[in-house]
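Structure record follows, encoded as structure tokens.
Readers should treat all values here as calculations from the given coordinates under stated rules, not as data from a laboratory. Everything quoted here is computed from the prediction, not taken from an experiment. Cβ placement follows ideal geometry from the backbone for every residue including glycine, while neighbour counts extend to all protein chains displayed.
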Amino acid sequence: MHTLEEYEGRTPAWCPGCGNFGIRKAFQQAMVELDLAPHQFTIVSGIGQSGKFPHYVRCNTFNGLHGRSLPVATGLKLANHAMPVFVFCGDGDCYGEGGNHLLNAMRRNINVTLFVHDNQIYGLTKGQASPTSMEGTASKTQPFGALAQPFNPMVLAVAMDCSFVARGFAGDIDHLKELMKEAIKHQGFSLVDILQPCVTFNRVNTYDWYRKRCYPVETAYDPNDRVEAFKKALEFGERIPLGVLYQHQRPIFEEKVPVLREKPLVRQEPLFPRVAGMLNEFY
Amino acid sequence: MDYTVKIGGEAGQGVDTVGTVLSKIFTRAGYFVFSHQDYESRIRGGHNFIQIRLSDRPVTASRDPVDILVALDRQSITDHEKELSDSGMVVYDAAALKEKFERPAFLNLPFTEIAVKQGGSKIMSNTVATGAVLGMLGMDPAIAREVIKDELKQKGEQVVKANLDSIEAGHALAGRECLRCSFTLPAAGQKKMLITGNEAIGLGAVLSGCKFYSGYPMTPSTGTFNFVAGKALECGIVVEQAEDEIAAINMAIGASFGGIRSMTASSGGGFSLMVEGLSLAAMTETPLVIGLAQRPGPATGLPTRTEQGELLFALYAGHGEFPRVIFAPGTAEQAVHLTSKAFDLAEKYQIPAILLTDQYLADTSWSYDSLNLETLHTVDYRLRGDAFRGLRTYKRHALTGNGVSPLGIPGDGQHLIVTDSDEHDEEGHIVEDAETRRRMVDKRLLKKMPLIKAEIEPPTLHGSDRPEVVVVGWGSTYGVMKEAVERLAPRNIAMLHFSEIYPFPNTQKLDYLALLRGAKKTICVEQNAMGKFATLVRSETGYSFGSHILKYDGRPFTVESLSGEIDAHVGRV
């Protein structure tokens, strides 16, 4: 059994009160409960305050470029599909810069778990509107307020038949921890959008703002019903549902690659194929 | 014996099929072949050609005079009749072209009518044409029968038989009708292999233990992707067509981080998208091989044609300062070996390695008796299994004497593998302090650079060793430069060819600078408008070339065109 201390990384450089602390705590507890040692999994992250996440959680880490975590995670998973691979990124990172990769990760259904720190604002670059910012959000680079409609990741994910679609809240650590465990156990691509208050730059979507609106999906709610899931995913405003919104178990990508049937690529020998015979086809 | 057969026609008419089958027949019969393609960026219509040179001696470039022109369309005649050699012939089907030519060099053979008569369809007229070429050359059709059987066996007995009959009919008819044909084929040697530049890079990758290839189709790099994908099952390779080139390079980086050799490739447009990823591979010290098959730019440029315009782009691509190697093979054989060396150095020094080719190299076929593959580099530099687990401590970016840190694999043991695109400490965690930054740049860049440079082989010298005239080039122009210089051999001339471009070779093994400085005339040959290589030579060595031959029309040099230009320059010595 592992202890929480084993997952204690570097001291976070996040603002006091940042929603990221709740996400970190939920994740560390989830790791203890799933009995995954720090060296047994890898976190791939992007750029933004979320990108620093793996530095503050002891684990294998690839902290790459803005928006490009999913392709790195896909390559890594194909190299070693026996190892759990998690992606932590932000709303700007994943829904803005890396949008195309999100679409294609959902299409492939690679067995990677994606956690999005969704604070509806750009924190690292100091307060610009993000893809999920509410219309009208004013900033130095949006002098007339954000003019575009906010992006709804849950609706997109259900439309794309993403095999696991969930929303958590950084202010409800126990609920988030359970959601994380469920997402990690799910075989296939999972998206967990985590509402995360930015205490410095987002004065609208505060802990209180979320608490007033968030509610766990009803116990009778059936996430396997895609039409109901679509309705649920559309809810974002006065009421915001938390929990698993949609789940559809479908074949995962790695299982469809013939070369990976026996064992992970990184464990396959010989490393260098025999030369003899390789030239025959050219004659 | 040195003949050139040119097949011209619209896209979709089977120019490529006739060319490929003929090339295969010639090499199987034991002749050396060099063939290059000229095609438009379209699937139907337009005008394409393939030009095959066959000889009993090794050939490394295309020539201008055409001995047999197979005209599948009218434009073949308009464009290429003027290229005929003194004894050259045009073979065509007047019914198909709806025009009859009475000039003596024209041989009208009813390809389509014969094909239909042999129980085939119209499309088999290409097989009749193939047979006709063999008949005109006076070549025994036995080997052609063998090739047809091999190539078509999946299509069933009936198709094979119809094609065999068609090739025989074409052969017999041409032998009978072509009274002016005076071609003679000397006895051939052992059968030869035939390989394109793109295939050679794919072969080099597979033989180097490449286990992951992610790409996005883009002419002219797609051939390498096709080759590696074709080997996926046999050699245990995962290939993935990414959503874009940004994803392609990031996937390859992820796979390499996961512990396997990885590669991606594209042309200039796709490579432009990869550039941030190139910088990421460098910062995280993740080994990576990138193929860059150039075509004329800027932007979409001439998608199916050739240029050497991206040398300095490949050299300077990526933000920040970091080490890299750039290889520009001059032949298919070099492409195999340099791909292997690229994988080796990428992993040994944990750096990105770029294979810089172009459409000419990518699509051209070379013939060889065989390739020596025994000397390929196949060392696994990664720390695996017990070697990794047995370490007391591990730091992914440990500061070492030579700047190279042990390369472990995540999940392989109790040690954590941490890396970051931010500046990081030895463990791989984000830092901002000045001292660590300085030490990391020293490690990542300054300590490695001299070691990498020491791995670089000097340029190849052909011809006189105390030349008055030196012709210099790099990459795909190797073969044509070699033949052009040989043709001018009565003069005191030599050629210097660079294929290991960066780090720029030192002069210890071959003092090419002394050679250049001792010559009366030096000419730098490049397929670009600004003399990119000459710029590199000047910045690396201070040497400036006396003259330049620059070609930027998207078409390759031929032996005659290049030797003519060199001669014109030399005439002024």
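Each of A:Leu242, A:Tyr221, A:Asn63 was scored by the projection of its Cα onto the charge dipole of region A:4-282, and the greatest displacement toward the positive side belongs to A:Asn63; charges sit on the C-beta of Lys, Arg, Asp and Glu. Under conditions of 25 °C and 0.890 mPa s, region A:1-135 yields 163 µm² s⁻¹ as its translational diffusion coefficient, taking Rh as the Kirkwood radius over Cα pairs in the Stokes-Einstein equation.
Largest GNM mean-square fluctuation among A:Asn104, A:Asn63, A:Asn119, using chain A with Cα springs under 10 Å: A:Asn104. A simple packing score, the average count of other Cβ atoms within 10 Å per residue, orders the peptides B:124-134, B:488-498 as B:124-134, B:488-498, with the highest score first.
The length gained by stretching the chain between B:Ser87 and B:Ala568 to full extension, at 0.36 nm per residue less their Cα-Cα distance, is 170.4 nm.
Helix A:99-108: angle to the longest alpha-carbon principal axis of chain A, degrees 0 to 90, nearest 10? It works out to around 50 degrees.
For peptide A:256-267, the mean count of partner chain Cβ atoms within 10 Å of a residue's Cβ comes to 4.
In chain A, the calculated helix contribution to ellipticity at 222 nm averages -8000 deg cm²/dmol per residue, counting -39,500 (n - 2.57) for every DSSP H run with n ≥ 4. Shown for region B:501-540 is the translational diffusion coefficient from the Stokes-Einstein equation, using the Kirkwood radius over Cα pairs, a temperature of 20 °C and a viscosity of 1.002 mPa s: 187 µm²/s. Among the trypsin sites (Lys or Arg not before Pro) within region B:1-80, those in coil by DSSP and having at most 11 neighbouring Cβ atoms inside 10 Å are B:Arg44.
The convex hull around the C-alpha trace of the protein assembly as shown, projected and averaged over every direction, spans 40.4 square nanometres. Cysteines of chain B lacking any other cysteine Cβ under 4.7 Å from their own Cβ: B:Cys210, B:Cys235, B:Cys524. Roughly how far apart, in whole Å, are the Cα centres of region B:501-573 and region A:64-136? The distance from the Cα centre of region B:501-573 to that of region A:64-136 comes to 48 Å. Calculate the dipole size of region B:195-368 relative to its Cα centre from +1 charges on Lys and Arg beta carbons and -1 charges on Asp and Glu beta carbons; express the result in debye to the nearest 20. Roughly 240 debye for region B:195-368.
Take the Cα pairs of chain B, get the Kirkwood Rh, then feed it into Stokes-Einstein at 37 °C and 0.692 mPa s and tell me D in µm²/s.
Reported coefficient: 129 µm²/s.
Of the GluC sites (Glu not before Pro) found in region B:262-319, no site is in coil according to DSSP while having at most 13 other Cβ atoms within 10 Å of its Cβ. A Förster radius of 41 Å, combined with the Cβ-Cβ distance separating A:Ala159 from A:Glu8, puts the computed FRET efficiency at roughly 0.55. Which residue fluctuates the most in chain A, going by a Gaussian network model with Cα springs under 10 Å, if the choices are A:Leu234, A:Leu70, A:Leu195? Its mean-square fluctuation being the largest, the pick is A:Leu234. Pairs over the 30 Å Cα-Cα cut-off, from the set B:Lys149/B:Lys231; A:Lys126/A:Lys232; A:Lys25/A:Lys212: A:Lys126/A:Lys232. Estimated at 0.36 nm per residue, the fully extended path between B:Leu399 and B:Glu432 surpasses their Cα-Cα distance by 10.2 nm. Percent of C-alpha pairs per 10 Å bin in region B:2-177, short distances first: 11, 42, 38, 9, 0.
Each of B:Val336, B:Leu109, B:His47 was placed along the dipole of the protein assembly as shown (beta-carbon charges, centred on the mean Cα), and the one lying farthest toward the positive end is B:Val336.
Fully extended, how many nm does the chain gain between B:Val379 and B:Val159 (0.36 nm per residue separation, minus their Cα-Cα distance)?
Here the answer is 74.5 nm.
Based on alpha-carbon atoms, the Kirkwood radius and the radius of gyration of region B:194-261 give Rg/Rh equal to 0.95. Residue-wise HN-Hα couplings along region B:448-460, as the Karplus relation 6.51 cos²θ - 1.76 cosθ + 1.60 with θ = phi - 60° gives them from phi, are 6, 3, x, 5, 5, 4, 5, 7, 7, 7, x, x, 8 Hz; Gly and Pro carry x. When the helix-only estimate is applied to chain B (DSSP H runs of n ≥ 4, each -39,500 (n - 2.57), divided by the residue count), what is the mean residue ellipticity at 222 nm, nearest 500 deg cm²/dmol? After summing the helix terms and dividing by the residues of chain B, the value is -11000 deg cm²/dmol. Helix B:157-177 versus the longest principal axis of chain B: what angle, 0 to 90°, nearest 10, using Cα atoms? The angle comes out at about 60 degrees. Springs join every pair of Cα atoms under 10 Å in this Gaussian network model of chain A, and among A:Val266, A:Val116, A:Val199 the largest mean-square fluctuation is at A:Val266. Computed 3J(HN,Hα) for region A:121-138, one whole-Hz value per residue from the Karplus formula 6.51 cos²θ - 1.76 cosθ + 1.60 where θ = phi - 60°, is 6, 8, x, 4, 9, 6, x, 6, 5, 10, x, 9, 4, 5, 4, x, 4, 8, glycine and proline marked x. In this label model, B:Tyr552 and B:Glu321 are separated by 3.0 nm, measuring between points 7 Å along each Cα→Cβ vector. Scaled to the globular estimate 2.2 N^0.38 Å, the Cα spread of chain A, given as radius of gyration, is 1.05. Put +1 on the Cβ of every Lys and Arg and -1 on every Asp and Glu Cβ in the protein assembly as shown; which of A:Tyr122, B:Asn402, A:Gly92 then has its Cα farthest towards the positive end of the dipole? The one lying farthest along the dipole's positive direction is B:Asn402. For the pair A:Val204 and B:Arg439, what calculated FRET efficiency results from E = 1/(1 + (r/R0)^6), where r is the Cβ-Cβ distance and R0 = 45 Å, to the nearest 0.05? Once the sixth-power term is evaluated, E becomes 0.55.
Computed from point charges on the beta carbon alone (+1 for Lys and Arg, -1 for Asp and Glu), the dipole magnitude for chain A about its Cα centre is near 480 Debye. Over the Cα atoms of region B:459-573, each weighted equally, I'd like the Debye log10 I(q)/I(0) at q = 0.15, 0.23 Å⁻¹, rounded to two decimals. After summing over all Cα pairs, the log10 values are -0.58, -1.49.
Please state the shape class of region B:195-368: rounded when a/c is under 1.5, otherwise prolate if a/b exceeds b/c and oblate if not, all from the C-alpha gyration tensor. In terms of gyration-tensor shape, rounded.
Once the Cα atoms are used to define both axes, helix B:245-257 deviates from the longest principal axis of chain B by about 60 degrees.
Which value, in debye to the nearest 20, describes the size of the charge dipole of chain B about its Cα centre when Lys and Arg Cβ atoms bear +1, Asp and Glu Cβ atoms bear -1, and nothing else is charged?
Here chain B has a charge dipole of around 700 debye.
Enter the Cα centre distance for the pair region A:155-232 and region B:1-24, rounded to the nearest angstrom. Going from one Cα centre to the other spans 61 Å. Between B:Glu99 and B:Ser182, the FRET efficiency estimated from the beta carbon spacing at R0 = 25 angstrom works out to 0.45. Under the shape rule built on the C-alpha gyration tensor, where the axes satisfy a ≥ b ≥ c, region B:153-230 is prolate, since a/c reaches at least 1.5 and a/b is greater than b/c.
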